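Structure record follows, encoded as structure tokens.
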Amino acid sequence: MKKFNLLKVAVMALIAVFMMTAVPQQVYAQVDKKLNKAREKEAKVVINNLKKEGWKMDDISRSLEVAVMEHIQKTSNPETQPISATVVCKIMSNCDLYARTEASRKYAQQAASFIRERIVGDHNLDQGDLSTEFAKLYSGFEVLVQKEIKGELVPSYQVVRNASSGEKGAKEYKAFFTVNESKASAARLRALEQAFRETEAAQRYANEIANFVKEGFKISE
């Protein structure tokens with residue numbers, strides 16, 4: 001009888017463990033299902049908008065539907081952000097280079113704007129006699145971020161259409177990239193170190209400014 005009771009307790013314990021592990025798995029499955037539905041809905045909107053605007057895939061070996069869905073899945077990771085750029089070009093082999101340069105410029109402009117807002121909004125560090133020095137810092141930082149971030153942009157997909165200008169042979173080329181925030185943060189810090197060399201006054205607040213630079217910011221596409 002005692003052995004039977006021990007066996008019963010063991011079975012009940014196993015059932016309890018199973019229930020504890022099974023329930024979270026069911027919850028996770030439901031969450032994943034909802035997330036996938038939300039991504040599919042988002043992808044459908046993006047695809048419809050691109051088609052309405054006359055965009056077509058540059059790479060005919062991939063479908064627009066697959067490319068957009070893969071891009072959305074990549075950027076669902078909190079560490080990965082999307083950024084896009086549209087350029088006009090005639091020679092298709094140059095389009096990607098132009099688009100990467102434009103995306104880098106766009107990112108750098110937003111990074112410099114974010115730093116300026118943090119410095120002015122939180123600490124008013126760039127007031128009075130320091131305003132000129134900080135103006136140099138913002139300008140230098142933006143230029144250097146553009147240079148440093150370019151290599152961190154990962155191509156996702158590209159679409160193309162006839163240029164709205166109607167110019168013969170001209171195409172509008174839109175490239176979608178992703179950027180990893182850890183790598184982007186390192187690129188911003190490299191840019192800041194170089195920018196500090198040109199602005200001695202700003203170096204007094206190096207730690208505060210470096211903390212601002214480390215902060216992530218949401219990229220506006």
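The values are calculated or read from the model by the stated rules, or taken from the named source; none is laboratory data. Since the structure is predicted, the reported quantities are computational estimates derived from the model, not experimental observations. Ideal geometry is used to build each Cβ from the backbone, glycine not excepted, and the neighbour counts take in all protein chains shown.
Looking at A163, A111, which one is among the aliphatic types (A, V, I, L, M), touching a strand residue (DSSP E or B) at 6+ places or on another chain (Cβ under 6 Å) and touching a residue at least 60 places away in the same chain (Cβ under 8 Å)?
Values: A111 fails: touching a strand residue (DSSP E or B) at 6+ places or on another chain (Cβ under 6 Å).
The conditions single out A163.
When the range 144-178 is limited to residues that are farther than 22 Å from I72 by Cα and within 19 Å of the chain's Cα centre (by Cα), the one that is surrounded by the most Cβ atoms within 10 Å (Cβ to Cβ) turns out to be V145.
Among the residues of the range 54-81, those that are part of a helix (DSSP H, G or I) and under 16 Å from the mean Cα position of the chain (by Cα) comprise V68, M69, E70, H71, I72, Q73, K74. With respect to the conditions (1) more than 29 Å from G216 (Cβ to Cβ); (2) of a type outside the set (S, T, N, Q); (3) at pLDDT below 95, L35 falls short on a single one, namely (1). Scanning the range 81-98 for residues that are at pLDDT 95 or above and either in contact with a helix residue (DSSP H, G or I) (Cβ under 6 Å, 6 or more places away or on another chain) or in the same structural domain as V45 (by TED's automatic domain parsing) (or both), we see that the one that is nearest to K44 (Cα to Cα) is I83. The number of residues in the range 179-221 that are among the small types (G, A, S), touching a helix residue (DSSP H, G or I) at 6+ places or on another chain (Cβ under 7 Å) and either assigned to a helix (DSSP H, G or I) or crowded, with 16+ Cβ neighbours inside 10 Å (or both) comes to 9.
In the range 82-104, the residue that is surrounded by the most Cβ atoms within 10 Å (Cβ to Cβ) out of those that are part of a strand (DSSP E or B) and of a type in the set (A, V, I, L, M) is I83.
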